[in-house]
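Only one structure is covered here, and it is reproduced in the block below.
The values are calculated or read from the model by the stated rules, or taken from the named source; none is laboratory data. Predicted model only: the values in this text are computed from it and were never measured. Reconstructed Cβ throughout: ideal geometry from the backbone, glycine too, with neighbour counts over all protein chains shown. Heads up: the accessible areas ignore ligands, DNA and RNA and are worked out on the full protein's heavy atoms, side chains in. Shrake-Rupley method; radii C 1.70, N 1.55, O 1.52, S 1.80 Å.
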Amino acid sequence: MTKTIQAIRGMNDLLPSDISLYQHVEEVLTKILLNYGFSEIRTPIIECTSLFKRAIGEDTDIINKEMYSFNDRRGEGITLRPEGTAGCVRAGIENSLFYNQEQRLWYIGPMFRYERPQKGRYRQFYQIGSEVFGLKGPDIDAELIIMTARFWRFLGIDNHVQLELNSIGSIETRKSYHHTLVNMLEKNIKKLDNDSKRRIHSNPMRILDSKNPSIQALLDNIPPLIDYLDDTSREHFTELCRLLDLAGISYHVNHRLVRGLDYYNNTVFEWITNSLGSQGAICSGGRYDYLVKLLGGPNVPAVGCAIGLERLILLVRSVYPLLKTKKVVDIYLISSGQGTKNSMLTFSEYLRNQLPEFKIINHFGGGNFSAQFSRANKLAARLVLALGENEVAHHTCIIKDLYNGIQKTISQHHAADILRALLTDTLRKKHKI
Ligand code: HAM
């Protein structure tokens, strides 16, 4: 027997039964992004390996062990993007998007990291990201966070996420803290695990968010990075906290939050949930004022964040386990009798013009009304529109709501309005919004 070929480990198919929830979440998020003035950008999935090395940092986990990198036929090093910020910055520089102008950009697409797969952690995963260029104040950091809080509210999951916030200061701040940290760690070298020993000179800041409790206990003995902030960074952070308080956004200042990518400075944040086990970060980001210049562009400050879409969907599903994920047929048209099929075809075209947002399907298999109704039930249709010879003659149709069994005859002229009202109500209930 021929062996079947399977998907690559950690890479998932999104089947039609998953897609409606993805589309719903994407629609909610993209409408809010538009509402905040963001424009979509689409960049290639593959970029030069050097872009990620330079942007993310040579001593990060992503660069050291998680990239899907290849040589192309001409021997050029290329990499499947592990994240979206680097490509966005590269595209902005290359297309002169950053000169004397603010930019608010968003993107959606697959990212690739060679990590050990588990629930919420995949080798191909989708991110929805948003990046703002050209604004350096804490007000835009606050607005970005307020926008993400709106995402959770509109998805009905705001009671299931918490905001972790920190400031890692300027490059200079980090240099002086780096010194203190390495000194202290070297004095305790015997107590460090292998991971931390490896990082002590390459990337000691990452030791701060080690998951090892004995390392965390050791770190309790040194002053937090926030005590080392220069005045400008401290003022930035204080003002950000004030603006979040003003907006009613609660947060936890986590002095150990440093993030796994090297490009950040000052503000860093993560929205986390306890509902997904160890992969609890559903949205992460921060300020990266040095990256545009580092990649050869002008000196432009920036801030952004990205949501892991699979994790967000897992969370929505865990909060709403009864949410219907099967895409229901909104309107199923059936017909029986001389000439009724022609009317059904014309009528369904008219309805599709009037109700483009709904799924409208004609019954084509023949059979009597009873057989056609049971087909509609099987397809989980919400409304059935039936056309017999009598209805066609009087320009009416029978409408039956399969959710509550109510059936009535209505004029075809009013059908679109009546259907829209019924279906809008369904959508609201279906997604609890
Ligand atoms: P990140 O924290 O590496 O940041 O990823 C952002 C989000 O992507 C995470 O919070 C998580 O939800 C999701 N994610 C990361 N890795 C995986 C994985 N293996 N499987 C499933 N989901 C995952 C960035 O990528 C930055 N570019 C974010 C950013 C944008 N910072 C500024 N602008």
Dividing the Cα convex hull volume of the chain by residue count, how many Å³ per residue is that?
207
Accessible surface of region 331-431 [probe 1.4 Å, protein heavy atoms]: carbon and sulfur percent:
53
Solvent exposure, largest accessible area first (probe 1.4 Å, DNA, RNA and ligands not counted), of His178, His363, His394
His394, His178, His363
Over the chain, with the other protein chains present, what is the accessible area per residue in square angstrom, probe 1.4 angstrom?
50
Would region 4-70 count as rounded, prolate or oblate if I go by the C-alpha gyration tensor, calling it rounded below 1.5 in a/c and otherwise prolate when a/b exceeds b/c, oblate otherwise?
oblate
Can you pull out the GluC sites (Glu not before Pro) in region 150-226 that DSSP calls coil and that have at most 10 other Cβ atoms within 10 Å?
none
For the pair Leu34 and Phe154, how long in nm is the line joining their label points, each one 7 Å along Cα→Cβ?
1.0
GluC sites (Glu not before Pro), restricted to region 332-395: which are DSSP loop and have at most 12 other Cβ atoms within 10 Å?
Glu357
With every protein chain left in place and a probe of 1.4 Å, what is the accessible surface of Val328, to the nearest 10 Å²?
0
GNM on the chain, C-alpha springs below 10 Å: top fluctuator among Ala142, Ala91, Ala393?
Ala393
Most fluctuating residue given options Lys175, Lys190, Lys341, as computed from a GNM of the chain linking Cα atoms under 10 Å
Lys190
Which of Val182, Phe125, Gly405 sits closest to the plus end of the dipole of the chain, meaning its Cα is farthest towards the positive end, when Lys and Arg get +1 and Asp and Glu get -1 on the C-beta?
Gly405
Considering only DSSP beta bridges with both partners in region 331-431, what is the antiparallel share in %, to the nearest 5?
55
Check each of the GluC sites (Glu not before Pro) in region 68-119 and keep only those in coil by DSSP with at most 14 other C-beta atoms within 10 angstrom; list them in order.
Glu76, Glu102
Here, Asp193 and Ala217, labelled 7 Å along Cα→Cβ, have an inter-label distance in nm of 1.4
So which residue, out of Gly388, Gly84, Gly134, gets the largest mean-square fluctuation from a GNM of the chain using Cα contacts under 10 Å as springs?
Gly388
Run the numbers for Ser50 and Met184: contour at 0.36 nm per residue of separation, minus the present Cα-Cα distance, in nm.
44.9 nm
Give the shape of region 50-145 as rounded, prolate or oblate, defined through the alpha-carbon gyration tensor: a ≥ b ≥ c are the square roots of its eigenvalues, a/c under 1.5 means rounded, and otherwise the shape is prolate if a/b is larger than b/c and oblate if not.
oblate
Projected label distance in nm at Gln118 and Lys3, using a 7 Å step from Cα toward the beta-carbon:
2.9
Exposed-site-free run, longest, the chain (rule: chymotrypsin sites (Phe, Trp or Tyr not before Pro); DSSP loop; at most 14 other C-beta within 10 Å):
100-363
The chain, helix-only ellipticity at 222 nm - DSSP H runs n ≥ 4, -39,500 (n - 2.57), divided by all residues, nearest 500:
-12000 deg cm²/dmol
